[in-house]
Amino acid sequence: MRNITKKILVVLLVMVAVLAMQSSGTTALPETQEAVAGAVQKSSLCGTMWSLVPALFAIVLALIFKEVYSSLFAGVVLGACFVTQFAPLETVDFVVNQGLIEGMKATTGVFIFLVILGAFVCMINKTGAAHAFGLWAQTHIKSRIGSQLATFFLGILIFIDDYFNCLAVGSVMRPVTDAKRVSRAKLAFIIDATAAPVCMIAPISSWAAAVSQYAEGTGYNGLELFIQAIPFNFYSLLALSFVVMLVLMRFDYGPMRKYEQNAMLHGDVHTVVPEQVMQELEERNPRRGTLLDLVVPVLVLIALETFALVYVGGILDGKSFAEALSATDATVGLPWGAVIALVLAVVFFRVRGVMSFRTAMRCIPEGFVAMVPAILILTLATALKNVTSALEAREFIAVLVQNSASGLLSFLPAVIFVVAALLAFSTGTSWATFGILIPIVVSTFDPSSPLMYIGMSACLAGAVAGDHCSPISDTTIMSSAGAQCDHLSHVSTQLPYVLTISAVSFAAFLLAGFVQNWFIVFPIAFGTLLVTMLVLRKCYSKPGK
């Protein structure tokens, strides 16, 4: 393994050295203060295949060394070198300003939401409500299968937004799955597999709103396109089916198998001891809290978050629910609702007599500390996205897709699925993938042809698939935070599952390009996935109930 690692690093260093020598002969950088501020001349690497190298470099390092912070930062630095053509001072300036500072600005609302939710969870734990829920779950949820299915169905119910889904489901179900000896990696996978996929097939969600916005100016109704594409969104539909199959068949494969065996045989739900584990918000001596102290605050939080999203979108200005949701900004709406929910929770717990005001206030910094790992990863991942944007990675992918459009249209949905998955994987964002590919898809296909909706579905499904397995994806990071699971453990254990679903989805889109009938294609795809799972099951013995 060490020899392979050394070879990979040598190859990467040679690539960087070659690029540095090439850049030395290119146009010199302007020596003005504006150049230091980021107004450097355009790099010859922009809009080329090299624009994807920084993100891939960070991903490879993270998977090899099992350390995410330095890997993401290394990718940011390499991308900044590409942008500034290896000018030292300008590179440092780009990393700090266009990378880290702009990355924090872009996700400030998410940071606030994370901190508030961390405090919210801390208060629930300190009241003893989580302990009470665990006792209730032990009575009503009697098996590992039941705990996993309960997590799945809760994820289906919270379809309004993927961020909220990841953190809320993880906070509620973590004590239950721990009690039933389900590994944190498996919990994180179930959360991740029901977050973006369910939002991608729910007409009332922040993802549907995003797709509607990106479709504006194309001459089509964005929400109508989204709804028409749902039956052909094979990846999302198969991902949800996959979770149920995996749980009911009671087997795992790939790295997940080790994590599940350690959880069942030894009660070790972590396998590795990440930084998040040391910061879990647990109360060793639970107080007088009851199940009511968990259910009421969580329901209030869900209701307020739903209202906040449509309020920010302008529902009080006369817009319909769907219109308000399509115009909302989740980074504003989520912290908006969370602030109110936190205040009401403090009042509720104080009236109930299960927590003093001073204890509630101490939960705020404790919640912040618990979310620091997720905040750091999200900041660095966003910085890396900013770097790839500056290198015009999106434009490079757009040109590739447009050039492929001149080929056989029947093969194009499968091509779009792969391109969308690669783009979302390397940049860590589904929504940016939508923004790039939706206008291309709309301009490529005949509006009267079913291929229009199949191509749209391929774009959306590919974006979710790539986002699902990317270490720098915000949804993947949120799933790790919600499950309190080591981030790289979540990525490595989830990857074989995502690749399995993606392979079947690719075959489905390839078939759909010719058959163009959901009633025929989806049963075949579902059957193919089921047969694949049965074959895999035979290769692995059951780890237990």
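What follows is calculated from the coordinates using simple rules that are stated; it is not laboratory data. Just so you know, these numbers come straight off a predicted model, no measurement behind them. Cβ: placed from backbone, ideal geometry, glycine included. Neighbour counts: every protein chain shown.
Values as computed for the structure displayed
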| quantity | calculated |
| --- | --- |
| Whole-number D in µm²/s for the range 51-176 (Stokes-Einstein; Kirkwood sum over Cα pairs; 20 °C, 1.002 mPa s) | 119 |
| Ranked packing of 484-495, 139-150, most packed first, by mean Cβ within 10 Å | 484-495, 139-150 |
| Distance between modelled label sites at F357 and C539, nm, 7 Å Cα→Cβ extension | 6.1 |
| Packing-based ranking, highest mean first, of 346-355, 179-188 given that Cβ atoms within 10 Å are counted | 179-188, 346-355 |
| Packing rank of 448-454, 382-388, where each peptide gets the mean count of other beta carbons within 10 Å, highest leading | 382-388, 448-454 |
| Label-point gap, in nm, between N517 and D317 - each point 7 angstrom along Cα→Cβ | 4.6 |
| Set K319/K385; K105/K126; K180/K538; K105/K319; K126/K258; K42/K385 screened for pairs whose C-alpha atoms are more than 23 Å apart | K319/K385; K105/K126; K180/K538; K105/K319; K126/K258 |
| Whole-Å distance, taken between Cα centres, linking the range 289-338 and the range 492-545 | 35 |
